[in-house]
Every structure is written in structure tokens, then in C-alpha cells.
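Derivation of every value follows stated rules applied to the coordinates shown; laboratory data play no part. Worth saying up front: this structure is predicted, and the values here are computed from it rather than measured. A quick note on method: Cβ atoms are made from the backbone with ideal geometry, for glycine too, and the neighbour counts reach across all protein chains shown.
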Amino acid sequence: MNASDLFVKALENEGVEFIFGLPGEENIDFLNALTKSSIKFIVTRHEQAAGFMAATYGRLTGCPGVVLSTLGPGATNLMTAVAYAHLGGMPIFILTGQKPIQENEQMRFQLIDVVAMMKPVTKFSKQASFSTSIPAMVREAFKISTQERPGAVHVELPEDVAQEEVEVEIFPVIFDSLPVANEDAILQAVDLIRSAKNPLILIGASANRPGVHEALEKFIALHGFYFFNTQLGKGLVDERSPYYLGTAALSKDDFIHAALSEVDLIINVGHDVVEKPPFLMGQGDQKVIHLDYGPAKIDQEYYPQLSVVGDIATSIDHVSAGLDLGEKKSFPSLKAARVQIKELLSRYDEDDRFPILPQRLVNIVRNILEADDVVTLDNGMYKLWFARHYCTYKPNTLLLDNALASMGAGLPSAIAAKLVHPDKKVVSISGDGGFMMNSQELETAVRLQLDLIIIVLRDNAYGMIRWKQESMGFENYGLDFGNPDFVKYAESYGVSGYRPDSVAAFEDTLHRALHTSGIHLIDLEIDYSLNQHLGKDA
């Protein structure tokens, strides 16, 4: 066999199901090897979209999603999606082609140092210079990609190396066990929790790992502790819980920040500095326990009094075992804060003005979808409303990005989510700005014969930046644009298009689309005039 066959066998050995991407001249040999493989190659219309799909696959499965591109412009087109995975803690394996390294007859045509370019946004970036090194390199890359903190890894396969004849063994896949927290740290955590009058659990991005969801739900139910989460921590504990306070969606002045003034201990589970700080230290005598896979990264905003470092689920179980299992404590101030926050957020749940309010949109989508259906969000003003007001029942059923916060990821993420969960309803929600950044992937979804709902929220502007512009007292400038007729645009791809003209019509359209096969795009005009109600004084 040649090195391309060997590379594909190494990927099969890792359990790879899909490869997303666009090939080029330099990886045609690899593409030919895929024709003899069980791996399905998903051809996309842009490398960035392929990268978003691979990252979402990694996020949902815990196994690296694989993306393929050629050299030069193919690799540069991947960079936003690679950064998205890197900052978001999503395991992804990037394979790029390259010109022959021994006899290149094209000089510097399309030639850039892709390995060096990838290094700042990956955990591992190397060239496979020798065909015999491929099995070890693939195994090492996959291992690094999934180790805490998960992220992006990159291998470059030159054209001449890909064609070399080679005979070498594939490396076995061995999974490492995670370390367990120090016993003294567990005991100190137990003492701090026992002595606290108003402890509060914060669930962050790094808690979104296998096994943590079950340990957290058990811990909260057993001891009656209230909790809140970051945007990337949503759904790890069922938010219908009587102990759920809310989601920290803003940097400051959010409803949840007002509630924190009553708290004397924050048990910070899965803190990830990539998210905006959900609370600020130094506001009094409040103490913080850092409970995570790795040590705290100390700065002026975050300097916990105790670190409990090790496998999160095991640490939670050990702390729980050390606490008194008798009668639960009551936390009346937190209970009152929960009621107040819920009332403030639900104020416009039944408001039927049109164009639709984002608050009403969130309420409708939540009421129609089942507990394990999946919503994927692009980035925009509506994301903040969904983060705070969409009650998430299960992990990874509301997919949003609060790390790179890139526009253009919503539709590609929905395609990947549907491939991973073909039995679930998947709804993609994008603003008109973000949707148009990767709208060409409608063709990919049609070609794959997926069942998808796509809601495009139309305000004919970059709405989040306009909100910021207004809040700073500046005049509206440089943010408005025009749009195509989204219904006709959808129909040109073979997608069913709709433009409801009332809240009732939207609700009916969404319900019918969810129960009809195929791809459905809903062009929905939205009213962001109440964005000031995001603040704590609303």
C-alpha cells in the first residue's frame, strides 16, 4: 500500500466516521484511498464550513472531527474554524495537502508555511515528512486533541510522501485515565462548603465532558445547592431544576450578577478563561473553589482560594461523600432571586407583536421542541436571549459559541449535528448577517438529504454591533445592508421557503416544518427594540 492508504487506515483505527472538506491537486492520492474506506467524505462548498462541521462533530462526540483541505488558500480558508475549535475546546484533526518536498517543479506557487500558520491555534502542528511516521503521528495527534483541554491538531501530508510505498504497523488506541484530586483538597473543599451560608455552584465550559453531567445532577439534587452556568455550560444540569438561577450571558449588569451579591462561596466547576468572566472577584468576602481538570489560571479577575484539580466527576462524588447527607439547608435569598429572575425573563413570553421579539421567539421554539432536540445558534443578538431564556434540558442540545464567537457557524453546525443525531430534530437559527457567510452550505445539506429547519432572523443589519453602537451614544453608521429574497434563495437550492407575517403564522409554520421531511427555511423578521431589557434593571 502507499502512504495515503496507510493514513486512511490510521484514521479508521481511530474510529473516524466522516471527513469534511474540499480536496485539491495535492491530496488527490489521499482522496483515492478514501474510496476504499468505510469513512464517508462530506464535500462542502467552503473550507471554513467544513471546519465548523468537524468542530461540532468533535464537540458532540468527544472524538476529533476530521477536516481536509488542500494547501495555500484551502488551508487559509480553514483558519477561522480552527480558531473556533481551539478556543471552544472542541477536538478536531486537520489534514492539509502540500507540494512535493523533494522535487517541486512549481516553485513558490500557492506555497506558504501552513505548519507554522497553524501553530498559534492548534495544540500540535507537524508535517508528515516520512511515510513510516504516519501511524505514530496520527495516534499522537488524536491523543493530544482529546486530552484536557481538548482542541485542534494539524498534520500536513506532502504530495510525494502521500504516494510512497510503505509497509508499517498501525498503533493501537489506548485511552489514558484522568488523575484524581488530592485528598487534602477534597477535605478543604468540604470544610469551605459546610461553613458557607449561601454557596452557589457555577457550571462552566470544561464541565461539558462525559460523566460530569450525571455527577452534577446528583450532587445538586442531593444537597439542594443552587447553581448557574455560563453559556458553554448550558444544559449540563436540567434547567427545569428548582435550583437553577440562570445563565450568565453578559459581561456585567446581568440579572444573575445581582443575585451573586448574596453569595459567600462559589463552587466553580469547569472554569474556562475563554468565556467572559461570569463573576468578578474582590467584591467582598466571597470565596471561590476552583474545581477542574487543570489548575486555575490566576489573574486580577480570578484568584480562587482553593483548587481541586483532577477528574471533575470523581471530585464531585468525593466532595459529596464528605458532606452531611442529612436535611438539606435552605437558601431563602437565592430562592427569592430565582423567582425574580424568572419573572423578569418571562415578561414578553406571550407578546404577539410583529416583527417578532427575540423573547417570544425563544419561548415558541422551546415549547415546540422535545427535550433532546437540538438548536444550533450562529452569533448575534438573539444568541444572548437564547443563552439566558432558552431552558435547556440536556447537554449539547443548545449549541452556541461563546469562545471565538464567530459568525457563519450556525448552518454548518446544524449539518454536523444532524449527521451525529439523525433521529433528533435539528433547528439552525442565524441572523441574516451570519447566515449569508456560509449560506452556500444549503447545497451540502440538500445533497446529504437531511431533514433540517433553518430560521433566518432578518433585521437587515449587524444587530449586535448596532446595539453596542447605540448603547455608547453613537449614531447608526456602517452596519446596515440589503438581503436577497430568502424564500426564493432557498427555493433555488430545492429548499422549502416561508415568510410568516405574524407570530401565529410563524408558530404554525415551524410546527408544520418540524413534522415534514426535507429542509425548510423560515425568513423571520425580528424586532430588537427591547434589547435594553438585557440589563439587570429591566
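Key figures
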quantity	calculated
Coil-residue chymotrypsin sites (Phe, Trp or Tyr not before Pro) of the range 443-498, DSSP, other Cβ within 10 Å capped at 14	PHE474, TYR477, PHE481
Helix-only mean residue ellipticity at 222 nm for the chain, each DSSP H run of n ≥ 4 adding -39500 (n - 2.57), per residue, nearest 500	-10500 deg cm²/dmol
Alpha-carbon radius of gyration plus Dmax, which is the widest Cα pair, for the chain in Å	24.2, 77
Sparse-neighbourhood loop sites, trypsin sites (Lys or Arg not before Pro) in the range 120-219 - DSSP loop, at most 14 other Cβ within 10 angstrom	LYS197
Bins of 5 Å, starting at 0 and running to the largest distance - Cα pair percent for the range 449-538	3, 12, 19, 18, 15, 13, 11, 6, 3, 0
Rounded Å value of the spacing that divides the Cα centres of the range 409-424 and the range 514-532	18
Where GluC sites (Glu not before Pro) fall in DSSP loop in the range 40-106, at most 11 other Cβ within 10 Å	GLU103, GLU105
